[in-house]
Structures are given as structure tokens and as C-alpha cells.
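A.B. asks: My structure is below; once you've seen it, I'll send some questions.
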Amino acid sequence: MNKVRAMPRRGRAGLTGIAAVSATLLAATPAYAAELANNESYSVRLDNTLKYSAGVRTNSQDQVFLGNPNVDDGDRSFNKNSLITNRVDWLGELDASIKDKAGTGFRLSVAGWYDAVYLRDHAGVPAATFNQYSVAPNEFTRTARKVAGRSVEVLDAFVHSGVDLGGHDLSFRLGRHTLLWGESLFFTTNGIVQGQAPIDANSALTVPNILAKQVFMPVNQASFSLSVNPSWSLQAYKQLEYRETRVSPPGTFFSTADLVFQGAERIIVPRAFGTANGYLYRGADQRPSDTEGQWGVAAKFADPNAGVDVGLYYLRYSDKTPQIYAAPGAGFNPVTGQIGTFNFIYPRKIELFGVSASTTVGDANVAGEISLRRNMPLISNSSALVLAPGVDADHPLHAVGRTLHFQASTIWVVPRSPLWETGSLLAEVGGHHLLDVTSNASARDPLTGDTAFGARVVFEPKWYQVAPSLDVSVPIGLRYNFHKKRSPIDPSFNGGEGPHGGQFNIGLNWSYATLWRGGLSLVRELGAASTNNYKDRNFVVMNAQYTF
């Protein structure tokens, strides 16, 4: 289910303090590249990683979810003890560089995956509650088969170089890559980085304890960094491609709604024709253009002697997830049961002002950030969002406001003890608050609150050489949301478990001869089914991978 992601050379910038420490502590897969060429003038190297994953659902469906025809497809498709993934991943990474002062070179990485679970039939869904119409109620849609089942995609594809501007180094990258600012450790949608790249939410759900920097997807862009002096640098980027967040398509195991924007085909309106259901069919989406208004600038200060990093940021971006609108009566057809259409509109022109800081306290890295967002789309009442002439991303009906976002994190190297040889503790707390509603206040969802607040902790003790060439660790992860009402802006905040919801996981990871790695994890959801959309999605997953 999850793509192979956490490779050390993904061409990313930003998150410098946390990324460097966490990569060391978590022992990311080492880069044993096959050197295709290496001389005084240039070098070329190639990495390949093969990974196999298998997962099983460990509990039965909850009637809370089966009772709603628009959220049940993914739940009904997998019975207790059934496979939820049976997958092979491949990641290839090619790096070539000229050994000049500018560091000129290029990088290409390609990922491919094949999951047999999503290329066969699944447990049957009753026709009356099955939202898709392009396939039978026991089949995955074309979108599900591609996103979760079988595909190949280009990840990084960029050139990099630099020039000397009167004693000031200007470096740049051009092409598909990720540029990540701020200090997010686990929180993806709450941090400054949320405005810079779409998220592979499928990986975020399927890989326990995955770091924020591992789930962002690259986009085509031009990025620059100018060294003003040894302490200060200026950075900027202009995106040349719009990509939406990748979610679990309807019918897949981690899909909790049958009308999500990737793969949704129709919404069920129970008993719209007396005893027969009616349907809203998928209409045309309103997406931002590739070159439309996504850019950012930053000023960064670093003092290596004091171990302090500070960043100031301004971002302008389009939302990576849409608002859903309905158009009752559009395309009315009693033969097919169509009583209207639904459409997705992607909000644009969101502004973010942020500041971040990172330092070292003893053996721990401590970091935090705070940001203000303007023109931020809020969770709105679907009954108020009726698509009509003149309604678009610039003239929306959904509620919009100003929001304040904050988070703090630490990475601590745990001292040796009689129980373990070494270990790490990673923790992050974060949240956001709705400052005010600036337009369409009446459309705001009354079930949402003003504040969301949550935390994540991962403790991982480790033992070396438990057998020749074999190291093992036991990661223990917990995330929890403390707020009483749903987030005002983000249904996926801190894992998406909702108010007083969370997740606990425990695993066993191993590394053999540095080239082989693997693990086994048990994942259990916390909270009530009424607030945690993943409450009945407990699972066990194992994986093994080889780098060459």
C-alpha cells in the first residue's frame, strides 16, 4: 500500500534541524549506490530498493459505518482477517553530478508498485449502498486499481546548479522536487510546509509513525537559495505544477468516505424516489491551473556555534484538497436515478505568514513554529454549498477565515540503560485556532469547534548485534487528539481520528547486514466510532526491503 519513500537523497530542502537528527536516529535506509562512474570530473550513481508488504485487518466492521451508505464501501470491501495489502514496491534513484564549484547535476527517481489485493475482486457491497457505477459492487474502480494497485510514477526529476554573484552563492533547482520549510516532525497539514506540496495521505495512513517529510510529493517548480553572509540566506520558489493530495480512493481499506475527490462517482440520496435511492453524479471539477499563484519567499538565520536556526516565511498557495458542492436538479434522469450532480472546487489565494526556530538542549533537538493563514477555507455545511452560475473558487459559498497554527517538537537521544543499548524519543504537540470568519459565516459547519489540539509520541529502544549482523528495535507510537469538537478547518488533522480519538501502535523492526531491513507492526485505533472514522480499521502489517 505504501510506496517506498524515506530515501535519504530525495532532493529536499528545509526542515534542516529535525530532518538531520531524525534521519540519524531512525536509521533511514543506507545509500548503497552502484557507482556507474566516479572520476575527477563527474560521478554517476544508482540506487534500487525493493520492498514487500503484507497487511491483515484484525477486527470486524462497525455498524456505525455500515449504517451510512456514503461511507461504507471501503469498510464492507474487507472482512476481518482479510488481506488489506499484498504489495511489492520498487524505487530507483539516479544521481549524476559534475565536480565543479556550483555542484551542477541532475536527479531522477522513479517509483513503481504492484498490490495484488487491489487487482482482484473484493467482498461484495450491497448494490443499494454501492456508490460507484463504473464497476460491479465487488470490484475496485479504475482509480483504485491505479492508486492502490498498480502504477509507475516519476518522483524527482530536476537539475541543480549555482552561480557566484559577487561573492554570494546562488544555488537553484529546476524541475520536479520537494522544498519543505518549517519544523514539522509528524504534523503534515498543520505546519508551514502544508502550503508547499501535496501529501501522499495513503502512505501517511498505512505506515505507522511515518514522519511528515516522508509523505510530501514533489511538484515541478523553480527554487532558489542566496547566501547573503555566513549566517543569513534568502530562499524563494515558484511552482509550475498543481498537484492535489493523494487520498485512499473509495472502496480501498483506508477510505472512510465514498465521495472523496479521487475516484468518487456518485453520492447516494436515500429514498429520493419513494423507496428507491436517488444519486448525485460526479460533475466537472474546478481545479487551479499549473502556474496559478503558488510561490513563497523565506529568510533564514543559522548560527552553527550556538546551534540555532530561525526562519521567516511568506507563502501563497492553492488548497490541495477541495470543497464539495452540489447542484440539485442538474441532469435529472429518473431512469438512472440522477437527481443532480456534485462538484469539487479547489480554494485558491491562501496566504501564510510563519516563523520557525530550532535549537539543541542537551542531547535533544527542540523545534517549533507558528503561522497565520488568511483566506483559509473552513469546514462548511454541505447543505449551504449549492453550485450555481457565478460560484467558483473566486466567488465561493463555503466559509472562509483567518486561522492560527502552532506546534512544537523534540527529538531526544535516550541514554543507555539496562533495558536497551540506545534509543530515541520523538514527540510533537500542535494545534490550530479559528481567529475569525471573514466570509460566508452562515455556511460554517455547526458541528465544528474553534480549536483543535493533538500530540504524537514515538519511543524506540534499540539493541545492536542480537545475532551476527542483526540489529533490532521496538517502536511504540501514540497519537491523540484532545479537542472536544471537530477541527474547524481540517478533518485529517493529526491522523484524522477526530475529537478524543487517536492511534496506538507497537512493532518490531530489524536490520541485517545493513542492506536488509524489515518490520512487523500492530495498529489499534482509539476513541469512539462516532468521532473516529478509522475506529474499526485495526490492522497488522509486515514488510521487508533490500537496497542495492
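The values are calculated or read from the model by the stated rules, or taken from the named source; none is laboratory data. In this text the structure is predicted, and so the values were computed from the model without any measurement. Cβ atoms come from the backbone with ideal geometry, glycine included; neighbour counts cover every protein chain shown. Ligands, DNA and RNA are stripped out before the accessible areas are found, and what is left, the full protein with its side chains, is counted by its heavy atoms. Shrake-Rupley method; radii C 1.70, N 1.55, O 1.52, S 1.80 Å.
A.B. asks: Which residue out of ALA212, ALA197, ALA201 is crowded, with 24+ Cβ neighbours inside 10 Å, of a type outside the set (S, T, N, Q) and modelled with pLDDT under 95? Explain how you work it out, then say what you get.
C.D. replies: Details: ALA197 fails: modelled with pLDDT under 95; ALA201 fails: crowded, with 24+ Cβ neighbours inside 10 Å.
Of ALA212, ALA197, ALA201, the one residue that is crowded, with 24+ Cβ neighbours inside 10 Å, of a type outside the set (S, T, N, Q) and modelled with pLDDT under 95 is ALA212.
A.B. asks: Just to be sure I understand, how many residues within the range 147-185 are within 30 Å of ASP115 (Cα to Cα) and either open to solvent by 50 Å² or more (accessible area, probe 1.4 Å) or assigned to a strand (DSSP E or B) (or both)?
C.D. replies: Here is the first cut: in the range 147-185, the ones within 30 Å of ASP115 (Cα to Cα) are 147-158, 175-180, 185.
From the residues that got through so far, the ones that are either open to solvent by 50 Å² or more (accessible area, probe 1.4 Å) or assigned to a strand (DSSP E or B) (or both) too are 150-158, 175-177.
The total comes to 12.
A.B. asks: Restricting to the range 266-298, give me the number of residues that are surrounded by 14 or more Cβ atoms within 10 Å (Cβ to Cβ), in a loop (DSSP other than H, G, I, E, B) and polar (S, T, N, Q).
C.D. replies: Counting residues in the range 266-298 that are surrounded by 14 or more Cβ atoms within 10 Å (Cβ to Cβ), in a loop (DSSP other than H, G, I, E, B) and polar (S, T, N, Q) gives 1.
A.B. asks: Tell me, yes or no, whether the range 218-226 has at least one residue that is touching a Leu at 6+ places or on another chain (Cβ under 9 Å), open to solvent by 30 Å² or more (accessible area, probe 1.4 Å), assigned to a loop (DSSP other than H, G, I, E, B) and farther than 22 Å from VAL110 by Cβ.
C.D. replies: no
A.B. asks: I need the full set of residues from the range 450-468 which are touching a residue at least 40 places away in the same chain (Cβ under 8 Å) and under 20 Å from SER492 (Cβ atoms), in order please. Show your work before the answer.
C.D. replies: So the first thing to find is which residues in the range 450-468 are touching a residue at least 40 places away in the same chain (Cβ under 8 Å), and the list is 452, 454, 456, 458-464.
Scanning the range 450-468 gives ALA452, GLY454, ARG456, VAL458.
A.B. asks: Among what's in the range 235-249 and is within 17 Å of the chain's Cα centre (by Cα) and open to solvent by less than 30 Å² (accessible area, probe 1.4 Å), pick the residue that is farthest from GLY124 (Cα to Cα). Step through it out loud before you land on a result.
C.D. replies: Here is the first cut: in the range 235-249, the residues within 17 Å of the chain's Cα centre (by Cα) are 242-249.
Those still in the list that are open to solvent by less than 30 Å² (accessible area, probe 1.4 Å) too: 242, 245, 247-249.
Numbers: TYR242: 36, THR245: 28, VAL247: 22, SER248: 19, PRO249: 17 Å.
Filtering first and then ranking leaves TYR242.
A.B. asks: I'd like to verify a number: residues in the range 389-411 that are open to solvent by 60 Å² or more (accessible area, probe 1.4 Å), more than 26 Å from GLU428 (Cα to Cα) and not in a loop (DSSP other than H, G, I, E, B), how many?
C.D. replies: Summing the residues that are open to solvent by 60 Å² or more (accessible area, probe 1.4 Å), more than 26 Å from GLU428 (Cα to Cα) and not in a loop (DSSP other than H, G, I, E, B) in the range 389-411 gives 1.
A.B. asks: Given the structure, is VAL386 aliphatic (A, V, I, L, M), touching a residue at least 24 places away in the same chain (Cβ under 8 Å), open to solvent by 40 Å² or more (accessible area, probe 1.4 Å) and farther than 21 Å from ASP319 by Cβ?
C.D. replies: Values: aliphatic (A, V, I, L, M): yes; touching a residue at least 24 places away in the same chain (Cβ under 8 Å): yes; open to solvent by 40 Å² or more (accessible area, probe 1.4 Å): yes; farther than 21 Å from ASP319 by Cβ: no.
No; evaluated as a whole, the condition is false for this residue.
A.B. asks: If you don't mind, another one. With (1) surrounded by 22 or more Cβ atoms within 10 Å (Cβ to Cβ); (2) closer than 30 Å to LEU508 by Cβ; (3) under 14 Å from the mean Cα position of the chain (by Cα) as the list, and PHE253 as the residue in question, which single condition is left unmet?
C.D. replies: (3)
A.B. asks: Right, next: Output the strands (runs of 3 or more DSSP E) that fall wholly within the range 424-520 and possess 1 or more residues being in contact with a helix residue (DSSP H, G or I) (Cβ under 7 Å, 6 or more places away or on another chain) and open to solvent by less than 50 Å² (accessible area, probe 1.4 Å), or say none.
C.D. replies: Working: elements: 451-467, 470-473, 476-481, 502-512.
So the answer is 451-467, 476-481, 502-512.
A.B. asks: Does GLY340 count as within 23 Å of VAL391 (Cβ to Cβ), small (Gly, Ala, Ser), touching a residue at least 12 places away in the same chain (Cβ under 8 Å) and surrounded by fewer than 16 Cβ atoms within 10 Å (Cβ to Cβ)?
C.D. replies: On the way: within 23 Å of VAL391 (Cβ to Cβ): yes; small (Gly, Ala, Ser): yes; touching a residue at least 12 places away in the same chain (Cβ under 8 Å): yes; surrounded by fewer than 16 Cβ atoms within 10 Å (Cβ to Cβ): no.
Considered against the rule, which asks whether it is within 23 Å of VAL391 (Cβ to Cβ), small (Gly, Ala, Ser), touching a residue at least 12 places away in the same chain (Cβ under 8 Å) and surrounded by fewer than 16 Cβ atoms within 10 Å (Cβ to Cβ), GLY340 comes out as no.
A.B. asks: Sticking with this structure for a sec: Being in a loop (DSSP other than H, G, I, E, B) and either of a type in the set (Ser, Thr, Tyr) or farther than 19 Å from ASP445 by Cβ (or both), is that true of even one residue in the range 360-369? So that I can check it myself, show each step before the final result.
C.D. replies: In the first step, residues of the range 360-369 are kept if they are in a loop (DSSP other than H, G, I, E, B); the result is 362-363.
When the remaining residues are screened for being either of a type in the set (Ser, Thr, Tyr) or farther than 19 Å from ASP445 by Cβ (or both), the result is 362-363.
Among the residues of the range 360-369, at least one is in a loop (DSSP other than H, G, I, E, B) and either of a type in the set (Ser, Thr, Tyr) or farther than 19 Å from ASP445 by Cβ (or both), which makes the answer yes.
A.B. asks: Regarding THR451, is this residue closer than 28 Å to LYS349 by Cβ and of a type in the set (Ser, Thr, Tyr)? Outline the logic, then answer.
C.D. replies: On the way: closer than 28 Å to LYS349 by Cβ: yes; of a type in the set (Ser, Thr, Tyr): yes.
So THR451 fits the description; yes.
A.B. asks: Further, regarding this structure: Taking the options GLY112, GLY92, name whichever one is farther than 21 Å from MET542 by Cβ, touching a strand residue (DSSP E or B) at 6+ places or on another chain (Cβ under 8 Å) and not hydrophobic (A, V, I, L, M, F, W, C). Break it down into steps so the answer makes sense when it comes.
C.D. replies: Numbers: GLY112 fails: farther than 21 Å from MET542 by Cβ.
None of the other options fit; the residue is GLY92.
A.B. asks: Restricting attention to the range 437-473, which residues are among the aliphatic types (A, V, I, L, M) and either more than 30 Å from LEU515 (Cα to Cα) or over 24 Å from the mean Cα position of the chain (by Cα) (or both)? Steps first, please.
C.D. replies: Pass one, the range 437-473, residues among the aliphatic types (A, V, I, L, M): 437, 441, 443, 447, 452, 455, 457-458, 466-467, 470, 472.
Result: VAL437, ALA441, ALA443, LEU447, ALA452, ALA455, VAL466, ALA467, LEU470, VAL472.
A.B. asks: Condition test on SER109, is it within 30 Å of LEU170 (Cα to Cα) and at pLDDT below 95? It would help to see each step written out before you state the result.
C.D. replies: Details: within 30 Å of LEU170 (Cα to Cα): yes; at pLDDT below 95: no.
Judged against the criteria, SER109 is not a match.
A.B. asks: Restricting to the range 359-370, and then to whatever is among the small types (Gly, Ala, Ser) and more than 14 Å from VAL310 (Cβ to Cβ), can you tell me which residue is surrounded by the most Cβ atoms within 10 Å (Cβ to Cβ)?
C.D. replies: First, pick out the residues of the range 359-370 that are among the small types (Gly, Ala, Ser): 362, 364, 367-368.
Filter again for more than 14 Å from VAL310 (Cβ to Cβ), leaving 362, 364.
Working: GLY362: 8, ALA364: 15.
So the residue we want is ALA364.
A.B. asks: Could you count how many residues in the range 115-146 are of a type outside the set (D, E, K, R), in a helix (DSSP H, G or I) and surrounded by fewer than 23 Cβ atoms within 10 Å (Cβ to Cβ)? Give the derivation first.
C.D. replies: Here is the first cut: in the range 115-146, the ones of a type outside the set (D, E, K, R) are 116-119, 122-138, 140-141, 143-144.
Restricting the remaining residues to those that are in a helix (DSSP H, G or I) gives 116-119, 127-129, 143-144.
Now drop any that are not surrounded by fewer than 23 Cβ atoms within 10 Å (Cβ to Cβ), which leaves 116-117, 119, 127-129, 143.
The total comes to 7.
A.B. asks: Scan the range 56-112 for residues that are crowded, with 18+ Cβ neighbours inside 10 Å, among the charged types (D, E, K, R) and within 30 Å of ASN277 (Cβ to Cβ) and jot them down.
C.D. replies: The answer is ARG57, ASP72, ASP73, ASP75, ARG76.
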